[in-house]
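Worksheet: one structure, shown below.
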């Protein structure tokens, strides 16, 4: 695809995002005008695309030989999409223009995602189509994926504000007699929650041998790596917000009654009813050994799960994270070097009320084999970018408990 068509494609996707953003903001007149501009851009793209006779003749020649498939503007099936997407990635490795048929399949598979810009790029940059992105989301779904426990809101702009009413559930309406005037009530108190989408990313180094494999195998390898890295990144951001919103308000958990105090007294009943417990391996080990006065273990198997999920008090699901993901805090002696114990974190609450993840829903891949040490080792770098932000919403919806473990010297 020539540079003019690439530029038009970016403008089309940017205009789609603009239309959605205007609709979300209630600016319908401007949204209609932007939609007309979008139609004009699409018509211009289609006309220029049709006039590119030389490349179309090459495609028709491949079709006649059975080495290419005419798409006809329809969305390709999953197998064709994966093959075309991988072919575009390979073209980036070779620093050549990708086959027009593959570009057409890729373009048809995009929804409203903006393709990455060319700033600072070598090689090629592409947005991951929705079907493939869905595979990545499915792969990262596991019990230790914290994204599923927080509120996730898709956004189409890099920045924005959401107004959340404070104590809305606790402010009732007044009684109104028949035919009487409605009384004035206290003005609602709103807390603005601002988000700024941040760009996160990393580089996957691929060997030349892998690139010679089938498209399905290459995409499976890439998807698995992206899923693992995006899960780790989103978990880290969520845990950072959890720690920040509870700093200085940690509660000592020393026994069974300490946990009951959290759920019975410190959490609002509406929040406690939908709460979960998040801890690491050490915290889980402490909870797993707790017994009631009759000698029965407090943790019980979750009958709704086929796996080994457990419930605290038979009610609150427990999410166990690795100690590498959710670290315990070291307790140091006066000399500042000797570790005398640890404080293991136990987060209790409803994370959907406490935290919102603003998801830009855009994953992009850049290809570049010019990185440090890659040329000598016959490696190619895939740079993956993910765009999202995590913000605290209700700081009273989660309590951080700390279990103290003393190290015997």
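Just so it is clear, none of the values below were taken in a lab; they were calculated from the coordinates. On a predicted model such as this, the values are computed, not experimentally measured, just so you know. Quick reminder, even Gly has a Cβ in these numbers, built from the backbone with ideal geometry, and neighbours come from all protein chains shown.
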I'd like the FRET efficiency for residue 249 and residue 47, computed as 1/(1 + (r/R0)^6) with the beta carbon distance as r and R0 of 51 Å, rounded to 0.05. 0.25
Can you compute the modelled spin-label distance between residue 159 and residue 301, with each label point 7 Å from Cα toward Cβ, in nm? 5.3
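Work out, step by step, the length gained on full extension between residue 395 and residue 178: first 0.36 nm times the residue separation, then minus their alpha carbon distance; give nm to one decimal. Display every interim value, and only then the final one.
Numbers: separation 217, 0.36 × 217 = 78.12 nm, distance 4.01 nm.
Here the segment from residue 395 to residue 178 would lengthen by 74.1 nm.
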Taking 0.36 nm per residue of sequence separation and subtracting the Cα-Cα distance, how much length would be gained by fully extending the chain between residue 131 and residue 196, in nm to one decimal? 20.8 nm
Please report the relative contact order for region 297-353, taking Cα pairs under 8 Å with a sequence separation of at least 6, and give it as a percent rounded to a whole number. 19
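Full-extension gain between residue 334 and residue 285, please, as 0.36 nm times their residue separation minus the C-alpha to C-alpha distance. Present the calculation step by step, with values, prior to reporting the outcome.
Values: separation 49, 0.36 × 49 = 17.64 nm, distance 2.80 nm.
Here the answer is 14.8 nm.
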Could you list 343, 78 in order of exposure, starting from the residue whose Cβ has the fewest other Cβ atoms within 10 Å? 78, 343
